[in-house]
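Participant: Take this structure, written in structure tokens, and hold onto it; I'll ask about it next.
The values are calculated or read from the model by the stated rules, or taken from the named source; none is laboratory data. A quick note: this is a predicted structure, and the numbers were derived from the prediction, not measured. Here the Cβ positions follow ideal geometry from the backbone for every residue, glycine too, while neighbour counts run over all protein chains shown.
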Amino acid sequence: MPDPLVIIDTDPTGIVATHPPRVALPILAAPVPDEQKGKNFNTARQHLIAIGCMRLPNRGFAFDSSIISPQSEGRFTKFAQLMQALRDRDEADPKRFPPCAVFGHADPTGKDDYNKTLSGRRALALYGVLTRKVEIWDELFLNSFGGDYWGTKAIQTMLSISLKSGEDPFYTGPVDGAKTSETKKLTSDAVDQWKQKRQIGSGAGLDATQRHQLFNEYMDAICHDAKGERFVLEPTDFIAKGKGGKSLKGDVQGCGEYNPIFLLSKAKEDLAAKDETLAAVRNDLYEVDRRALVFIFEHGTEVNPKKWPCPAAREGGQGCKVRFWSDADHRRKETDDDRTFGENMAFLTVDENNVITPTPIEQTGNTMACRFYQAFAQNSPCEAKLKEWVIRFKVPTFNGKTQVLSNRRYVVKAGESASSPVIRGTTDEFGVVRIPMFDEQTSMTIWLDAGRDLTPEDDNPPKDDQPVDESKFLPFVLDCGALKPRDTDNDLAAKQRLYNLGFGEHAPAAWTDNEFANALSQFRHRNNLDNASDDDVRRAIMKQHDLVGIPAPPSDDDSTNSDSSSN
């Protein structure tokens, strides 16, 4: 059995990730008396286990739209890499992709029925890209729904990127649906030029065959693997194997606004209802809820679409509601505070005196109405709030200064057990490593390709296509969760940061007063702070240690789905 695969890749265009490994518990069974054999059985049913995901967020879909943006290209590439890696780990013969299912979502503004249909259209658009089912896109193109009108805006979007290698975009104006005479002419000229380039006629119009060709070219341009080769899934690569017919039940579904991952407070919603400017701000904040996800399930998983609980993408939301939590209305209710899915989801909290305090459901991160969907989402890096351990690596140079270890390969064992995830990657330009937080407090080891920085004679870094001898990487043990909060009045917090910055020779908790004073003196001298006050020195320690000046990781929006814990 191969080691668990750990991939978490996030940027403003979305998330591609594996799910935390699930512990396989033994099946409980009882003996059957001889006289009952053949009549009574122990019955076991396989759990539906999601092993990975891709999320296309707000940048993948405009407000009130199902048109997939060219900015999604990077996510499709990462998704292709993940699927190829998972396929290679399948021990069955022949090797196959693990099965998927697509879920579309809308933000909490508008009516339930409207958003159910809109989210279904987003899910269908995503399925259409992955399978190259251009007839699905043609259905969306020809049949508008409310504000989701593809039309000229979709044509402009597709012609605004390079459709083939080395080819310039045909359309260079704003994507506005040809609302002005200028953009109308630019659009008609772009269509005419594309048709002539493809030798399929001329003029500003597109018949069905020409539309399908354009759709295919656009899909290929945004959905490919890391080598630029076409990445396509078959209907049999989905969890219902396409057996739901045209409805695609089981393979594609829209969740409407039933499962938001961010909700504004009632006070902010009330203000937005009275002011158009604030309403626009609210819509921007709710971008994070406009998303489509692909969940990846264990190899060999297949469901019967007739028994699948979710309505098909083109169906209404009544079928969703029978799967709601009993307190679904409270979960979706506006409260005194903004709420993010995955935060403070415990119903009961226990203090240091073992006093149990119940937490009202509306004050927690339980924002989803559907209990079936939440089962996939609550442990998914694509939905639940993701926290990270963030570490920056620096080494002293021979002129008394320090340099960051940028673009250095590393290997992390994120825990101490034999089954702990192993993550490989490269430090960024600031020497920063971001490790997903699987536990609030744990010990982990990171091996870093830093030997050449400490032994200058070995100053020939390997190229990307060269094999790397990881046995020569330098090990660092991380006591994650042990760093005390920033507090200039807390000696241990300052000692720990001084130790991480290279001062002191053993665990800072055991420093004597003299050792602490010597470390402070060395820090003062190295940073030209000999005449600074004690408080100024402590602030300088915190600033130098805690990633001040390092840009935060890219996020979807202001209500970021990524938390960073500095250690």
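Participant: Which of the numbered conditions does Ala267 fail, given that it passes all the others? Conditions: (1) farther than 16 Å from Glu362 by Cβ; (2) small (Gly, Ala, Ser); (3) modelled with pLDDT of 90 or more.
Facilitator: With (1) farther than 16 Å from Glu362 by Cβ; (2) small (Gly, Ala, Ser); (3) modelled with pLDDT of 90 or more applied to Ala267, the lone miss is (1).
Participant: When you go through (1) touching a residue at least 40 places away in the same chain (Cβ under 8 Å); (2) over 24 Å from Gln84 (Cα atoms) one by one for Ala272, which number turns out not to apply?
Facilitator: (1)
Participant: Hey, does segment 305-320 have a residue that's touching a His at 6+ places or on another chain (Cβ under 9 Å), crowded, with 17+ Cβ neighbours inside 10 Å and among the basic types (Lys, Arg)? So that I can check it myself, show each step before the final result.
Facilitator: First pass over segment 305-320, keeping only residues touching a His at 6+ places or on another chain (Cβ under 9 Å): none.
Checked against the condition, which is being touching a His at 6+ places or on another chain (Cβ under 9 Å), crowded, with 17+ Cβ neighbours inside 10 Å and among the basic types (Lys, Arg), segment 305-320 yields no hits at all.
Participant: Within the bounds of segment 90-105, is there any residue that is closer than 14 Å to Gln253 by Cα and not in a strand (DSSP E or B)?
Facilitator: First, pick out the residues of segment 90-105 that are closer than 14 Å to Gln253 by Cα: 100-105.
Narrowing further to those that are not in a strand (DSSP E or B): none.
Within segment 90-105, not a single residue is closer than 14 Å to Gln253 by Cα and not in a strand (DSSP E or B).
Participant: Would you be able to tell me the number of residues in segment 259-279 that are under 27 Å from the mean Cα position of the chain (by Cα) and either loosely packed, with under 14 Cβ neighbours inside 10 Å or assigned to a loop (DSSP other than H, G, I, E, B) (or both)?
Facilitator: Going through segment 259-279, the residues under 27 Å from the mean Cα position of the chain (by Cα) turn out to be 259-265, 268-269, 279.
Still in the running and either loosely packed, with under 14 Cβ neighbours inside 10 Å or assigned to a loop (DSSP other than H, G, I, E, B) (or both): 259-261, 264-265.
So the answer is 5.
Participant: Within segment 206-228, does at least one residue satisfy the condition of being closer than 15 Å to Phe141 by Cα and part of a loop (DSSP other than H, G, I, E, B)?
Facilitator: Initial filter on segment 206-228 (closer than 15 Å to Phe141 by Cα): 206-216, 218-219.
Subsequent filtering for residues that are part of a loop (DSSP other than H, G, I, E, B) retains 206-207.
Checking segment 206-228: at least one residue is closer than 15 Å to Phe141 by Cα and part of a loop (DSSP other than H, G, I, E, B).
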